[in-house]
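The values are calculated or read from the model by the stated rules, or taken from the named source; none is laboratory data. This is a predicted model, so every value here is computed, not measured. Every residue, glycine among them, receives a Cβ derived from its backbone with ideal geometry; neighbour counts consider all protein chains shown. Note: areas computed on protein heavy atoms with side chains; ligands, DNA, RNA excluded. Shrake-Rupley method; radii C 1.70, N 1.55, O 1.52, S 1.80 Å.
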Amino acid sequence: MKQESWLLLYYQDLGVANGEDLKETLTNCTEPLKAIEQFQTENGVLLPSLQSALPFLDLHGTPRLEFHQSVFDELRDKLLERVSAIASEGKAEERYKKLEDLLEKSFSLVKMPSLQPVVMCVMKHLPKVPEKKLKLVMADKELYRACAVEVKRQIWQDNQALFGDEVSPLLKQYILEKENALFSTELSVLHNFFSPSPKTRRQGEVVQKLTQMVGKNVKLYDMVLQFLRTLFLRTRNVHYCTLRAELLMSLHDLDVGDICTVDPCHKFTWCLDACIRERFVDSKRARELQGFLDGVKKGQEQVLGDLSMILCDPFAINTLSLSTIRHLQELVSQETLPRDSPDLLLLLRLLALGQGAWDLIDSQVFKEPKMEVELITKFLPMLMSFVVDDYTFNVDQKLPSEEKAPVTYPNTLPESFTKFLQEQRMACEVGLYYVLHITKQRNKNALLRLLPGLVETFGDLAFSDIFLHLLTGSLALLADEFALEDFCSSLFEGFFLTASPSLTETSLHSRWSMGLILEEPWVPEKKLKLVMADKELYRACAVEVKRQIWQDNQALFGDEVSPLLKQYILEKENALFSTELSVLHNFFSPSPKTRRQGEVVQKLTQMVGKNVKLYDMVLQFLRTLFLRTRNVHYCTLRAELLMSLHDLDVGDICTVDPCHKFTWCLDACIRERFVDSKRARELQGFLDGVKKGQEQVLGDLSMILCDPFAINTLSLSTIRHLQELVSQETLPRDSPDLLLLLRLLALGQGAWDLIDSQVFKEPKMEVELITKFLPMLMSFVVDDYTFNVDQKLPSEEKAPVTYPNTLPESFTKFLQEQRMACEVGLYYVLHITKQRNKNALLRLLPGLVETFGDLAFSDIFLHLLTGSLALLADEFALEDFCSSLFEGFFLTASPRKENVHRHVLRLLLHLHARVAPSKLEALQKALEPTGQSGEAVKELYSQLGEKLEQLDHRKPSPAQAAETPTLELPLPSMPAAAGL
C-alpha cells in the first residue's frame, strides 16, 4: 500500500478531513467558492482572533499553507517538550501509563513525516514498547531507520541477526582503522600504534557507537561479546580482543553498573587498563592481577576464556612484554635469576594466558597454559647474558685507551637461542621485544647480532605487522647508520627481503623503513603555498611538511600550539585539586621522565622535530604567556620540552640552547629531590660561566629555575642543609652549598621581574635572610629537639619545660616582606607537618595568615599542606587543634579566595570522620558556598554533604580508622628531609 493511501485511512480513522473529502465536496456543490470557504472554516485553526488576522496576511501575500505550517511546527515542538516532561514526572507506573495511552492514540500517524518525531519520542521514553508496534516498526525500513536507539535496543535484544547486521559494519571499520594505523606513513618511536592512551582510544567512533547501541542492556552486551569471540576464532585477528576490552572500559567510564557488575572480567580489565596507561605493571598492580586469576573458583573456569581474550589485546601484550624486559634488566643489576622473581613469573603467567587465548577458547578447555621450564631456566638467563655483554662492551669503550682490553663485540648467536625463537611462542615474544629495546637504545651492534635469529621465528612473529611497525619506528633512531653498506645489507638482504615479497606486509614495512628514515627532501615553496591554501591538503600532509610551512608562518603555528598550551595548564591545575590526599602521592610525585611522556609535551616535541626556528617560537610563546599570566606552569613546560628533545638526542636544538646542560643537571636533582654537593658545584659553574654580553641567558635560566618542580627541590634541599648545620653547629653564612641554593632560589623567584624588565642581573641577596632569618629557623629546630629530648627523660629527671607557643615578631615580618624568607619558611612548615610535629605547626600557623604575596594561600603550598595534614588525622578530634587550623588560618582567607575554599573542602572530604561533630557542623556552615562561588566549590560542598549524611558519629567504622596512614615507625629526632 502506498504511503498516501495509508495516510488517507489514518485521517479517516481520526475523523480529520483530507483531500478526498475536499474533492467530494467540490464535486457535489453548486457554489465552489462558498464550499471552499466553508471547508477552510471547519478545518482551519478555530480561534476567533484569527478571523481578522488571516485576511491581513492574505494582503501581504503570505500563503495560508505557510501560516498553517508554522503553527503546526510550533505545536509539534510544544508537544515534544510535553512528552519529555511526562517521561520525567511522577511515579514510574503513572508516567509509563500516560505514555502508553499517548502511543496508542498517535501510532496510526507514525508514517506522517511531520508527526513522526512525536511518535518516535513517545516510544523512546517507554522502557517496553508493545511488541505489536515493535514488529510494525521492524517490518518497515523507513520507520526502523527513524526510531531512536532506545527503541532499537528493544528490537535487537530479540533479533540477533538484525543486531548483527548493525554491528558488522562497525567491526569491519574498527579492524580497518587498526590495520591502517599499523601502516601509518608517520614513522616515529614516540608516536606509534601504542601511543594513544586507553581513554583516548575508547573515544573512537566505533567504540562510542557500540557503547551507545548496547546502553545498559546486558543481553546486547553478551551478543557483542559473542560476535567478537566468533570473529576472533574465525580470523585469529587480535584487534577483536582490543575491542572487547575497550567496550567494557567505555561502559565503565559511563558507570554502567548493570553491565560492569555482571561481567566477571570488569575489575581485572580495569586494573590492566591502568597498567596499559602507565605502560608498566608495578608490584602493587601485579598482586591485584594475580589475585583476580587466583580467585577463579572451581566451576567458573570458563571465565579464563574471557580473561585470556582481554590479555590477548596487543596493548596488554605490549605492556606485559615491556614490563618483562624492564624486570630482566633489574635482575641483571641485582644479580638475581629469573626463577627467583615472583613479579617476573607473574608477568610470564599473564603473557602465556594472553598468547594462549585462541587455543583456550577454541578448545573450550579452560586451563591456564603450562609454563615451559626451560623458558625460565635457560632462555631468560641467556637474554640476561646479552645485556651483560652490552654492558661490558660499553664500559670497555669508555676506558682510556691505555686501559682498554682487546674486547670485540660478540657477533654470533647461540644456536639454542635461535631454537627458542623458532619453537616457543613465549620465548619468541620476549625475544622480539628485547630486539625492539636494543634498537630504541641505538645499539647497532646488538641489533646486527640478533637480526639473523629473526629470519625464522615461531609463527613468523618477526614478520607480523605489530612487530614490523614498532621495529621500523625504532630504526628511525639509527638513521645515520643507513649510509653504511654493511648495515643496510644486514637489515634488508639479511632480514626484510628474506620474507618479501612472499609476505606483502613485510614488503610494505621494508619500503617505508628505507624511504621514511632518510632525511625528508625540502618541499618547493610554491607547493607549500598550495598545501597551506587548501585546508584538506594541509590536514592530510605529514608533520615534516607542516614544519616547513610553520617556520615561515608564526600565526599558523601559534594556532596549532595554543590549544596544547591551554590543555597543559588545565592538566596542571586539575592535578593540584586532585581528590586524592596523600603525602606520598602528590603533585610532585611523578618523575621528570614520566612527566615529559605526557600528551602535550610529546605532541610539541613531534611538532618541533629538529627545527631550531620552531623551538624558538615555542619558547617565545611560553615567555609571553608567563609574562602575561604569571603562571609558573609555563616554566615547567619550557624545561620539559627541552629535556624531551634531550631524550631523543636532538643535537640540532640541544647544542644551541645555552640552558641545555644546566637544565640537564637540574633535571637530575629534581629526579633525586635533592641537590648534592657535586651537582651544586656544576650548577654554580653554569651560572658563573655566563659571559659578559650574554647576560640575557639569565632570563632563560631564571625561567628554568622558576619551574615549581625546581623550586620544590631547591627548598627541600635548603631545609635539609639547615638541619645538617644545626647538628654541625655551623652558621648559614659559613655553608657554601646553602648559599648557592639560596642564590638559585632567588634567581628562580625573580624570573618574572628579570624577563619583564629585561635587566639581566642576578637578584641581590638580602643579608638579613642569612644572618637573622635562617639562624632563627635553626633555633626552632633546636627548640623542637630540646623539647623532644626532655619528653623522653624519666619523670624524676624532667625539667619543667613547656613548648614555646609564641613567634618572634621579626619572624612574622620576614614572612611578610621577603619572598625568599617566606618560601623557605613555608617549606619548613611542610617539613614539621610531615614529621607530625603538632606543637611546631600550631606555633607557626599564626605567622602564615599574612605572607609575601599571599604565598601561604597559593595552590601549590595548600596542596602540599593538606596532603601532609593527613598524617595528623588523630589531632582533628581536638577542638583547640581544629580552631587553630581552620579559624586561625584557613578561614581567614576563605571565602574571599576560592582556591582556599576548595582545598579546605578537599581536606574535610578526607578527614571529616575525625572531626568532632560540633566543630564539623560549624565548619559546614562556614564553608557553605555563596552565589558567587564557582561550580567546583559547589560540587565539593555537595560531596561533603553527602559524606556527612552517611556518617555515624557514635560508632566510627573500620574504614574511618584506616584513613590515617600507617606510618608508625619511630622517627629520628632530626631526620633528613624527604621528597614531598
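Taken over the stretch 760-774, the criterion of being open to solvent by 30 Å² or more (accessible area, probe 1.4 Å), among the hydrophobic types (A, V, I, L, M, F, W, C) and either part of a helix (DSSP H, G or I) or modelled with pLDDT of 90 or more (or both) is satisfied by Val767 alone. The combined condition, being open to solvent by 20 Å² or more (accessible area, probe 1.4 Å), touching a helix residue (DSSP H, G or I) at 6+ places or on another chain (Cβ under 8 Å) and farther than 19 Å from Ile175 by Cβ, is fulfilled by Leu254. If you go through the stretch 396-417 and keep only what is surrounded by 12 or more Cβ atoms within 10 Å (Cβ to Cβ) and at pLDDT below 80, you end up with Asp396, Val407. Being open to solvent by 30 Å² or more (accessible area, probe 1.4 Å) and within 30 Å of Arg836 (Cβ to Cβ) is a property that Asn574 has.
Close contacts from the stretch 548-562, counting a first residue that is touching a residue at least 60 places away in the same chain (Cβ under 8 Å) and a second that is of a type in the set (Asp, Glu), with Cβ to Cβ under 8 Å and a gap of 6+ residues or different chains, come to Trp550/Glu560. Of Lys141, Lys135, Lys124, all but one fail to be open to solvent by 60 Å² or more (accessible area, probe 1.4 Å), touching a Cys at 6+ places or on another chain (Cβ under 9 Å) and more than 27 Å from Tyr240 (Cβ to Cβ); the exception is Lys124. Can you say whether Arg95 is open to solvent by less than 70 Å² (accessible area, probe 1.4 Å), touching an Asp or Glu at 6+ places or on another chain (Cβ under 7 Å) and part of a helix (DSSP H, G or I), as far as the supplied structure shows? So Arg95 fits the description; yes.
If the condition is being out of contact with any Phe, Trp or Tyr (no Cβ under 8 Å at 6 or more places or on another chain), in a loop (DSSP other than H, G, I, E, B) and closer than 17 Å to Leu565 by Cβ, then the stretch 630-649 contributes only Asn631. Restricted to helices (runs of 4 or more DSSP H) entirely inside the stretch 106-191, those with at least 2 residues that are free of Cβ contacts under 8 Å to residues at least 60 places away in the same chain, among the aliphatic types (A, V, I, L, M) and closer than 30 Å to Gln602 by Cα are 160-182. With the condition kept exactly as written, say whether any residue in the stretch 108-115 is farther than 30 Å from Val45 by Cα and open to solvent by 30 Å² or more (accessible area, probe 1.4 Å). There is no residue in the stretch 108-115 that is farther than 30 Å from Val45 by Cα and open to solvent by 30 Å² or more (accessible area, probe 1.4 Å). In the stretch 733-742, the count of residues that are assigned to a helix (DSSP H, G or I), farther than 18 Å from Asp688 by Cα and either open to solvent by 30 Å² or more (accessible area, probe 1.4 Å) or in contact (Cβ under 8 Å) with a residue 60 or more places away in the chain (or both) is one or more. Here is a check on your reading of the model: is Lys199 in a helix (DSSP H, G or I), at pLDDT 90 or above and either open to solvent by less than 40 Å² (accessible area, probe 1.4 Å) or in the same structural domain as Phe232 (by the TED database) (or both)? Here the answer is yes, as Lys199 does meet what is asked.
Of the residues examined, Gln606 is not one that is touching an Asp or Glu at 6+ places or on another chain (Cβ under 8 Å), among the polar types (S, T, N, Q), part of a helix (DSSP H, G or I) and at pLDDT 85 or above. The residue list Cys271, Cys275, Cys241 contains one member that is without any contact (Cβ under 8 Å) to a residue 40 or more places away in the chain and not hydroxyl-bearing (Ser, Thr, Tyr), which is Cys271.
Within the stretch 775-798, the set of residues being open to solvent by 50 Å² or more (accessible area, probe 1.4 Å) and modelled with pLDDT under 80 comprises Asn788, Val789, Gln791, Lys792, Leu793, Pro794, Ser795, Glu796, Glu797, Lys798.
In this structure, Thr324 does satisfy being surrounded by 17 or more Cβ atoms within 10 Å (Cβ to Cβ), part of a helix (DSSP H, G or I) and polar (S, T, N, Q). For the stretch 433-448, a residue qualifies if it is without any contact (Cβ under 8 Å) to a residue 60 or more places away in the chain and assigned to a helix (DSSP H, G or I), and the qualifying residues are Val435, Leu436, Ile438, Thr439, Lys444, Asn445, Leu447, Leu448.
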